[in-house]
1. Using Cα springs under 10 Å in a Gaussian network model of the chain, which residue among T28, T77, T90 shows the largest mean-square fluctuation?
2. In 10 Å bins starting at 0, how do the alpha-carbon pair distances of region 36-125 split up by percent?
3. Just to confirm a number: summing +1 for Lys and Arg and -1 for Asp and Glu over residues other than V44 whose beta-carbon lies under 11 angstrom from that of V44, what do you get?
4. Going by C-beta contacts inside 10 Å, put S35, S107 in order with the fewest on the left.
5. Within the chain, what's the longest stretch lacking GluC sites (Glu not before Pro) that sit in DSSP loops with no more than 13 other Cβ atoms inside 10 Å?
6. Of G12, V79, A46, which is farthest on the positive side of the dipole of region 8-123, counting Cα position, with +1 on Lys and Arg Cβ, -1 on Asp and Glu Cβ, and the Cα centre as origin?
7. Taking 2.2 N^0.38 Å as the expected size of a compact globular protein, what ratio does the Cα radius of gyration of region 1-85 give against it, to two decimals?
8. For the chain, give the magnitude of the charge dipole about the Cα centre (Cβ charges: +1 Lys/Arg, -1 Asp/Glu; no others), in debye to the nearest 20.
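Bear in mind these aren't lab numbers, they're just calculated from the coordinates by the rules spelled out. Because the structure is predicted, anything quoted here is derived from the model rather than measured. Ideal geometry is used to build each Cβ from the backbone, glycine not excepted, and the neighbour counts take in all protein chains shown.
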Amino acid sequence: MMDMTANTKISGKVVKGAGRGRGLGFPTANVTPPSDAVLPANGVYATKITIDGTIYNAITNIGNNPTFGENHKTIETHVFGLDADITGKTISLEILRFVRAERRFGSVDELVEQIQRDVEQVLNDFEMPPNTQND
């Protein structure tokens, strides 16, 4: 079955988040898309993110953060190979593949274990180095 979300592109501005991702060991860029953006279903996705002309491999969660009791949709992207503050930058996010559906975890430890599995799976999927220059 073909993944209908593949190659969906979302552009938006990186905004300051709650800082939970960093606290869990997976810092994220929190992306605010335009209000008219059509977003894919809640879940975890293998993605590529373009920042200042450089393309990075990434993993993205689109959803409501149910483990933390939230109910507003967010886009949070963990960028592989980037250790910089990109808050305020406008980025482009390309969704490559659906990884799994969003779900509520019984504990933060369970969530971290699943994130580690998701990251490992997505890193294994990528056949490119962590980033490439977009010419």
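1. In this elastic network of the chain, the residue with the biggest mean-square fluctuation among T28, T77, T90 is T90.
2. 15, 48, 33, 4
3. +1
4. Numbers: S35 5, S107 9.
Least crowded to most crowded, the residues run S35, S107.
5. Details: sites that count: E70, E127.
My reading of the result: 1-69 is the longest stretch.
6. Comparing the listed Cα positions along the dipole, G12 ranks first.
7. Values: Rg = 12.8 Å, N = 85, 2.2 N^0.38 = 11.9 Å.
The value comes to 1.07.
8. Values: 13 positive and 17 negative charges, 75 e Å.
So the dipole magnitude of the chain works out to roughly 360 debye.
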